[in-house]
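Structure record follows, encoded as structure tokens.
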Amino acid sequence: QAEDGIRDVERSRGLGDVYKRQDMKGSLAAMISGIGSLSRMKDKFCGEVAVSASVMEEVAEGVGLAPNIEYFNPDFVIIGESSDLKIACGQRGRAEIEVSVSGKSAHSSSPEIGINAVEDMMMVVNRLKKIKLPEDNILGKAHLVLTDIISFPYPAQSVVPHLCRATYDRRTLPDETEEGVIKGLISEIRSIKEKSIDAKVKIVDSEYRSYTGEKIKFHKFIPAWKINIDNFLVKKALQGIEKTGINPQVGYYSFCTNGSYSAVNCKIPTIGFGPSKENLAHRENEYIEIERLLLSEQAYKNITLSLLKI
């Protein structure tokens, strides 16, 4: 069915030159079609290949991939996320961090007897803007981005807020640890000289429900990873895409993928390869150019042949 879908897209060139959507149905169809066409040659392979259509990567990277890795115990992993037809050899990690500041409630007509948690949080936010973060010569800079903030009680009626919480998105680099990230933020907050602030910092734990109804608890620290371009997997993948007629190039993801789980948690050599451009993901009317979709179908086939053909 996936192969028929690819062919339908090819036949529809006269109706337009894009195919929705890129994240991730297009890559998945290309994988199934390209790799599935090799089934008649399986007796000539020195191994097996499996295509994983795991879910929930957007909110819980690696959770859906984990049972597949446990079942197949693969030697290599290829992530289908958009890479502009380059071999992606790494990515920054992601941590969702909650900073909470405690104050003291009081009537807003007598603010001097309370401690305004929002005002203290403003000092924290301003301080964290100045934090010095590490930089990787390949993956670039680590980031710390304020994504939301809320005070309690909310909405407040003539009340000095006793609590304020802010959420930060922290993009991490290889070798950064959860403990190190948290300690860095706490140290920066403690360096505020104007006032001693009652602040706590933690990695967020969230719970999600999959389409099957199963609840998944997820600790939101997803590590960064890199693979050496001299690795066997990278070399074979580059050979495969070159046979497809694509100029073989190496790149790196700026966003997170399931590769964090396979590369870091499981220590499995991991790369990424996908047809579309990374900056088109998570946008209205995202798309894949048909030519790129068809090239990726052949590339997945040729990468598999390069890795497994006797």
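State all residues of segment 150-168 that are free of Cβ contacts under 8 Å to residues at least 60 places away in the same chain and under 20 Å from E112 (Cβ atoms); if no residue qualifies, say none. Break it down into steps so the answer makes sense when it comes.
In the first step, residues of segment 150-168 are kept if they are free of Cβ contacts under 8 Å to residues at least 60 places away in the same chain; the result is 150-161.
S151, P153, A156, Q157, S158, V159, V160, P161, listed by residue number.
Within the set of pairs 6+ apart or on separate chains, which have a first residue in segment 99-119 that is under 12 Å from I150 (Cα atoms) and part of a helix (DSSP H, G or I), a second that is at pLDDT 95 or above and among the acidic types (D, E), and C-beta atoms under 9 Å apart?
If the second residue must be at pLDDT 95 or above and among the acidic types (D, E), the pairs left are A117/D198.
When segment 255-265 is examined, which residues are found to be in contact with a strand residue (DSSP E or B) (Cβ under 6 Å, 6 or more places away or on another chain) and either surrounded by fewer than 21 Cβ atoms within 10 Å (Cβ to Cβ) or farther than 10 Å from L65 by Cβ (or both)?
C256, A263, V264
Restricting to segment 188-201, name every residue that is surrounded by fewer than 12 Cβ atoms within 10 Å (Cβ to Cβ) and within 15 Å of S100 (Cα to Cα). Lay out the reasoning, then the answer.
As a first pass, look at segment 188-201 and keep what is surrounded by fewer than 12 Cβ atoms within 10 Å (Cβ to Cβ): 191, 193-196.
Once the filter is applied, which keeps residues that are surrounded by fewer than 12 Cβ atoms within 10 Å (Cβ to Cβ) and within 15 Å of S100 (Cα to Cα), segment 188-201 yields only S196.
Select from segment 96-110 the residues that are buried (at least 17 other Cβ atoms within 10 Å of the Cβ) and not small (G, A, S) and list them in ascending order.
If the condition is that a residue be buried (at least 17 other Cβ atoms within 10 Å of the Cβ) and not small (G, A, S), then E96, I97, V99, V101 are the ones that fit.
Within segment 142-161, which residues are surrounded by 12 or more Cβ atoms within 10 Å (Cβ to Cβ) and in a strand (DSSP E or B)?
If the condition is that a residue be surrounded by 12 or more Cβ atoms within 10 Å (Cβ to Cβ) and in a strand (DSSP E or B), then H143, L144, L146, I149, I150, S151, F152, V159, V160 are the ones that fit.
Which residues, counting only those in segment 67-92, are closer than 16 Å to E278 by Cα and in a loop (DSSP other than H, G, I, E, B)?
Listed by number, the residues that qualify are G80, E81, S82, S83, D84, L85, K86, R92.
Mind telling me which of the residues N247, N258 ends up being within 30 Å of L293 (Cβ to Cβ), of a type outside the set (K, R) and without any contact (Cβ under 8 Å) to a residue 60 or more places away in the chain? Break it down stepwise before answering.
Working: N258 fails: without any contact (Cβ under 8 Å) to a residue 60 or more places away in the chain.
Answer to the selection: N247.
Would you check which residues across segment 255-279 are of a type in the set (A, V, I, L, M) and closer than 20 Å to V59 by Cβ and list them? Full working, then the answer.
Filtering segment 255-279 down to residues of a type in the set (A, V, I, L, M) leaves 263-264, 268, 271.
Within segment 255-279, A263, V264 meet the criteria.
Pick from I227, I290, I246, I268: which is within 19 Å of A30 (Cβ to Cβ) and either touching a strand residue (DSSP E or B) at 6+ places or on another chain (Cβ under 8 Å) or of a type in the set (D, E) (or both)? Steps first, answer last, please.
Details: I227 fails: within 19 Å of A30 (Cβ to Cβ); I246 fails: either touching a strand residue (DSSP E or B) at 6+ places or on another chain (Cβ under 8 Å) or of a type in the set (D, E) (or both); I268 fails: within 19 Å of A30 (Cβ to Cβ).
I290 is the lone residue from the list that is within 19 Å of A30 (Cβ to Cβ) and either touching a strand residue (DSSP E or B) at 6+ places or on another chain (Cβ under 8 Å) or of a type in the set (D, E) (or both).
If the requirement is being under 30 Å from K309 (Cα atoms), in a helix (DSSP H, G or I) and not charged (D, E, K, R), which of these qualifies: G64, G26? Before you say what the answer is, go through the steps one by one.
Working: G64 fails: in a helix (DSSP H, G or I).
After ruling out the rest, the residue left standing is G26.
Which residue is most open to solvent (accessible area, probe 1.4 Å), if the candidates are limited to segment 81-93 and must be at pLDDT 95 or above and under 19 Å from L65 (Cα atoms)?
R92
Take L280 and decide whether it is touching a helix residue (DSSP H, G or I) at 6+ places or on another chain (Cβ under 7 Å), hydrophobic (A, V, I, L, M, F, W, C), open to solvent by less than 60 Å² (accessible area, probe 1.4 Å) and at pLDDT below 95. Break it down stepwise before answering.
On the way: touching a helix residue (DSSP H, G or I) at 6+ places or on another chain (Cβ under 7 Å): no; hydrophobic (A, V, I, L, M, F, W, C): yes; open to solvent by less than 60 Å² (accessible area, probe 1.4 Å): yes; at pLDDT below 95: yes.
No, not satisfied.
When you go through I131, I138 one by one, which is the residue that is in contact (Cβ under 8 Å) with a residue 40 or more places away in the chain, part of a loop (DSSP other than H, G, I, E, B) and either in contact with an Asp or Glu (Cβ under 8 Å, 6 or more places away or on another chain) or buried (at least 22 other Cβ atoms within 10 Å of the Cβ) (or both)?
Numbers: I138 fails: either in contact with an Asp or Glu (Cβ under 8 Å, 6 or more places away or on another chain) or buried (at least 22 other Cβ atoms within 10 Å of the Cβ) (or both).
It is I131.
Residue under question is S110, and the condition is that it be under 30 Å from C256 (Cα atoms) and either touching a helix residue (DSSP H, G or I) at 6+ places or on another chain (Cβ under 9 Å) or at pLDDT below 95 (or both); does it hold? Can you show your working first?
Details: under 30 Å from C256 (Cα atoms): no; either touching a helix residue (DSSP H, G or I) at 6+ places or on another chain (Cβ under 9 Å) or at pLDDT below 95 (or both): yes.
It is false that S110 is under 30 Å from C256 (Cα atoms) and either touching a helix residue (DSSP H, G or I) at 6+ places or on another chain (Cβ under 9 Å) or at pLDDT below 95 (or both).
The values are calculated or read from the model by the stated rules, or taken from the named source; none is laboratory data. Quantities reported herein were computed from a predicted structural model and do not represent experimental measurements. So basically every Cβ, Gly included, is an ideal-geometry build from the backbone, and we count neighbours across all protein chains shown. Just so you know, the surface numbers come from the protein's heavy atoms only, side chains and all, with ligands and any DNA or RNA stripped out. Shrake-Rupley method; radii C 1.70, N 1.55, O 1.52, S 1.80 Å.
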